[in-house]
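Quick notes on the structure that follows.
The values are calculated or read from the model by the stated rules, or taken from the named source; none is laboratory data. Just so we're clear, the structure is a prediction, and the values are computed from it rather than from any experiment. Neighbour counts run over all protein chains shown; Cβ positions are idealised from the backbone, glycine included. When the accessible area is computed, the model is the full protein with side chains, heavy atoms only, and any ligands, DNA or RNA have been set aside. Shrake-Rupley method; radii C 1.70, N 1.55, O 1.52, S 1.80 Å.
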Amino acid sequence: MATNFDFLKSTDKNLFDIITEAEKLYRDEYFEQCMTQTRRFAENVCKDVLGNRRTSEETFDDMLATLKDKAEGNPQEKEFLDDLYFLKRKGNKSTHSSTVKKDGITALECLQRAFEVAISYSVYKNGPSEKLLKMQYDTELLVTGKKNKSLAERYNEKKIQYKKTKLKEPSQKKSVSAKKIQKQKSKPAKSKTKPKIPVFGIVMLIAFTISLTIIGFLFLTSLRPY
C-alpha cells in the first residue's frame, strides 16, 4: 500500500516504519495512538539531526533545546523546530490523557506536520530536491492507500481517451453507410419503362370509334326529307 512517506524509505528505513505505522493507526481510527507515534517519529528525527552534537541530553525536551541553540535562525530551521515542538506537545498530551478522545482533526495535523519534518530531514540528508519540495500531503492517499493522480496525469488520460473515441467514429460511420448500401441493393429495382398498351386494345378502340361515326351519320341522313 502506498503512503505519503514513500520518499523517506530510501533515506531512513527505521523512520519510514515509525511514521507509516502512524498512518495505519489513523486509518483504523486510533487517533490518540497515531499522535503518540508521530511524537516518537519527531524524537528520533531530532536525535538523528543532533548526531555528534548531542552530549548529555536524555529527554526529548533537552534535545530540542540543544537543537534550538545550535540553529542558525533561518526560516526553514524555525519551521522545522516548530513542527517538532508541536508533535512533542500533542504526543505528550495524547499519551498522558486520562480520557479517550476521538480527535481525528488533531491527529491529521500531526501527520501533516510529520510530513513536513520528513521533507526537511530528507533535504538535510540528501540535499534539496525540487520534486521533493513541491510535494504536499495527500489525505486521500492516507485514507484509501491509493495515490491521487496529478492534474497533468488526469489531463493526459482524458486526452488519450478522447483520441481513442475519435479513431472509432470513422469506422462506425463506414459500417452504417455500408449497411445502407446493402439494404439498397437488397431492394428490388423499380422498372423505369412505361407500360405498353396492347395492340388488340388499339384495334378495338378504332373499330368502336368508326362504328359510332357510321351510326351518327345514318341517324343524321334519316332526318332529311325526301
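List of remarks:
- Tyr155 being in a helix (DSSP H, G or I) and modelled with pLDDT under 95: yes
- Only one entry of Ala107, Ala71, Ala65 meets the criterion of being surrounded by 19 or more Cβ atoms within 10 Å (Cβ to Cβ) and either within 17 Å of Tyr137 (Cβ to Cβ) or not charged (D, E, K, R) (or both), and that entry is Ala107.
- Number of residues in the stretch 12-50 that are farther than 16 Å from Glu140 by Cα and open to solvent by less than 40 Å² (accessible area, probe 1.4 Å): the value is 17.
- Under the condition of being among the aliphatic types (A, V, I, L, M), surrounded by fewer than 16 Cβ atoms within 10 Å (Cβ to Cβ) and more than 24 Å from Asp48 (Cβ to Cβ), the residues counted in the stretch 117-149 number 1.
- Every pair of residues 6+ apart whose Cβ atoms lie under 6 Å, when the first sits in the stretch 20-47 and is in contact (Cβ under 8 Å) with a residue 12 or more places away in the chain while the second is assigned to a helix (DSSP H, G or I) and among the aromatic types (Phe, Trp, Tyr): Cys34/Tyr26; Glu43/Phe60; Val45/Tyr121
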